[in-house]
1. What ranking, highest mean first, results for peptides 75-82, 30-37 when packing means the other Cβ atoms within 10 Å averaged over each residue?
2. Taking θ as phi - 60°, what are the ³J(HN,Hα) couplings along the range 229-241 by the Karplus curve (6.51, -1.76, 1.60), each to the nearest whole Hz, with x for Gly and Pro?
3. May I ask which of Lys168/Lys224; Lys74/Lys107; Lys276/Lys306 have a Cα-Cα span longer than 18 Å here?
4. Taking 31 Å as the cut-off for C-alpha to C-alpha distance, list the pairs among Lys130/Lys222; Lys95/Lys346; Lys222/Lys255 that go past it.
5. Counting only residues 5 or more places away or on other chains, whose amide H sits under 5 Å from the amide H of Phe47 once H atoms are built in the peptide plane?
6. Which of the aspartates and glutamates could a cross-linker bridge to Lys59, judged by Cα under 14 Å and excluding same-chain residues fewer than eight apart?
7. Hey, how many Å between the Cα centroid of the range 209-242 and the Cα centroid of the range 266-284?
8. Whole Å is fine, so just give me how far the alpha carbon centre of the range 150-191 lies from that of the range 24-76.
Amino acid sequence: MRLAFLGDVYLSDEVLASREENERFDLFGDVRNRVGPDGLIVANVEFALSERPSPHPFKWATLCSSPALAEQLKPVSVAVVANNHAGDAGVAGLKDTVANLEKAGIKTLGYGNSLEQALDPCIIESEVGKVGIVALCCLTTNSQSIATHTEPGIPPISVQTLRRAINKARKEADFVIVFLHWGCEQSPYPVPDQVRLGRLAIDAGADAVVGCHAHVIQTYEKYKDCWIFHGIGNYFFSPVDARSFQDGRFVKNVKINHAAPNRESLVPVFEIRAGKLELVELLVTGWEGNQAPSIKDGPNVLANLKHINARLERWLAWNARKLRRTEEPVFHCKLHNGVVAYYYSKPPIHRDWSMRDLASRAYRRLQREFAGIRRATQHPS
């Protein structure tokens with residue numbers, strides 16, 4: 001049994017028209033053929049399948065589509081809804097989305113009538129072992145559909161919820177994979193808390209971590225012989241109808257047509273071999289216009305990945321002590337159009353950790369210190 005993990009998937013109602021015009025349109029054909037008839041696809045379904053109106057008038061983009069699009073997702077075995085757009089039609093619309101996906105024969109993951117239920121794993125059984133998948137979503141990407149102990153929604157990422165979800169999955173499964181919606185959009189680098197929480201998940205008993213949300217491919221690493229993918233990009237994302245606001249007031253409608261980096265993704269493919277969860281393939285996919293994604297050689301993508309992963313390795317070497325911390329992540333928050341928005345306390349890792357850059361930074365630091373000493377001697381207290 002092979003498990004292929006897909007990043008962000010958004011299908012607008014225009015996809016229905018494209019499907020009618022082109023009967024050979026198969027959104028998952030290439031990946032399905034690669035993983036084989038016994039392979040399973042796990043995808044982040046990042047839109048609401050509901051006819052309900054959005055209760056979020058000041059949200060930059062609300063991704064709500066016809067429930068009929070659930071038919072286009074049938075090749076997906078497990079749909080992850082722990083993200084910042086599955087609840088765009090409200091909690092009632094999120095329930096509709098789960099119901100419409102399950103009606104199409106697709107298992108869902110990342111929603112529950114309470115926090116405890118939302119942390120329940122999706123168990124996949126095979127002759128070689130059981131795989132438990134859990135999904136959580138960061139407050140920075142979604143603070144409006146979060147489950148609580150008494151309210152339905154999706155589970156938020158924290159040290160406590162991560163450990164709880166992994167422990168629950170471990171009781172039922174031989175292997176655990178964690179699917180996380182986190183990070184900063186359009187950045188190929190993770191924030192420090194992504195790296196730290198990814199490793200904490202492995203320490204807590206996960207066998208792999210797969211992340212998404214940035215809409216571009218992010219770094220990845222191997223930690224304790226387990227793979228952590230910080231962001232696998234957009235598998236397929238229809239053009240977005242967004243709204244621009246200024247000072248809490250609507251300004252204009254904006255059409256978002258995705259740039260080349262937003263049309264590429266990684267597809268990690270796992271398989272149980274010799275009693276261990278192994279990464280057997282790392283596919284690169286891309287698409288143009290309304291064409292279905294296809295697997296490509298992607299030399300440019302892989303070359304860029306080598307470059308950003310090298311920067312990650314240098315950052316890891318310089319911040320080993322920080323990565324051993326086990327405290328809960330701390331977020332900044334502020335009101336944005338009357339809604340509480342959360343932000344990471346640290347920006348994404350993006351510095352060049354070359355010797356030349358380090359020497360330059362050390363020189364500037366010495367200059368600041370000498371300037372402070374001169375000021376102190378010129379103006380003694």
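Since every read-out is calculated from the coordinates, none of them should be taken as a lab result. Every value quoted in this text rests on a predicted model; they were computed, and no experiment measured them. Every residue, glycine as well, gets a Cβ built from its backbone with ideal geometry; the counts of neighbours run over all protein chains shown.
1. Top to bottom by mean Cβ count within 10 Å: 75-82, 30-37.
2. Values per residue, Gly and Pro as x: 9, 6, x, 9, x, 8, 6, 7, 9, 4, x, 9, 8 Hz.
3. From the list (Lys168/Lys224; Lys74/Lys107; Lys276/Lys306), the Cα-Cα distance tops 18 Å for Lys168/Lys224; Lys276/Lys306.
4. Pairs exceeding 31 Å: Lys95/Lys346; Lys222/Lys255.
5. Ala86
6. Reachable aspartates and glutamates: Asp88, Asp241, Asp247.
7. Using only Cα atoms, the two centres lie 16 Å from each other.
8. Rounded to whole Å, the Cα centres lie 21 Å apart.
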